[in-house]
Amino acid sequence: MRVRVSDPTLLQALADDLASDDGFLVDEAAADTLVVGLIGSYRGDTVRARLEERIEAWRDKQRTAGNDVTVTVAELAPARVVLVDDDDSFRAMTRTVLGYASGIDVVGEASEGADALRLVDELAPDAAVVDLTLPVVDGIDVIRRISASSPDVRIIALTGSEVPADKIAALEAGAAHFVTKRRASLATLVDAILT
């Protein structure tokens, strides 16, 4: 959801209020706008209703403090994501887990690097979640090529490797985030995709 505040000086107060709820992911998109996602099995109208309820309570606090503020909420298209991992079970689990997050739509999957590059080119996703150990074309090369050919695609390296050199290589190749499979949680992964 996109949330716009009539008084930009109050934007951080609203962001802090929403972020205090474990279910909301909040990112500042502009001087007067937040992008807000919700983790959990919430869908469609339920997400909007919960967000609007929370915003109305915040707005009431602001009015009590003498701040007349208008807040508007608008739907955002879900982030379109391509998953790339040679482990079919892990890829299926990741797809299932991301299905619990509002604002994410897995639009394609690949088990090796060459297929991943083709899918990103064909589907033009918003994000690609890429394992580093892939057959044919390795993950670092996939990240580098996606960064060069599709610079608007947010790339998340999701890997079993905890080697610092792999993290450095992934980030230098163009990954926006580096997430280890051992420490990955729904919130961590959703946050990396959406922010």
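The values are calculated or read from the model by the stated rules, or taken from the named source; none is laboratory data. Since we're looking at a predicted model, the values are computed, not measured. Backbone-built Cβ (ideal geometry, glycine too); neighbour counts: all protein chains shown.
Would you confirm whether any residue within region 59-70 is under 24 Å from Asp191 (Cβ atoms) and touching a residue at least 24 places away in the same chain (Cβ under 8 Å)?
no
I'm trying to understand the selection: among the residues of region 1-33, which are buried (at least 16 other Cβ atoms within 10 Å of the Cβ), in contact with an Asp or Glu (Cβ under 7 Å, 6 or more places away or on another chain) and modelled with pLDDT of 80 or more?
Arg4, Val5, Leu11, Ala15
Return the pair list, or none, for Cβ contacts closer than 8 Å from residues in region 5-23 that are assigned by TED's automatic domain parsing to the domain that holds Val35 and more than 22 Å from Gly103 (Cα to Cα) to residues that are of a type in the set (Phe, Trp, Tyr) and in a helix (DSSP H, G or I), at least 6 apart or on different chains.
Listed by first residue and then by second, the contacts come to Ala13/Trp58.
Please go through region 56-71 and pick out each residue that is over 27 Å from the mean Cα position of the chain (by Cα) and among the basic types (Lys, Arg).
Residues satisfying the conditions are Lys61, Arg63.
In region 68-91, what residues are of a type outside the set (Val, Ile, Thr), in contact with a Leu (Cβ under 9 Å, 6 or more places away or on another chain) and in a loop (DSSP other than H, G, I, E, B)?
Scanning region 68-91 gives Asp85, Asp86.
Please list, ordered by first then second residue, the pairs with beta carbon atoms under 9 Å, 6 or more apart or interchain, first in region 99-128 and under 22 Å from Ser185 (Cα atoms), second aromatic (Phe, Trp, Tyr).
Listed by first residue and then by second, the contacts come to Tyr100/Tyr42; Ser102/Tyr42.
In contact with a helix residue (DSSP H, G or I) (Cβ under 6 Å, 6 or more places away or on another chain), of a type outside the set (Ser, Thr, Tyr) and within 24 Å of Asp88 (Cβ to Cβ): is that true of Val142 in this structure?
In short, yes.
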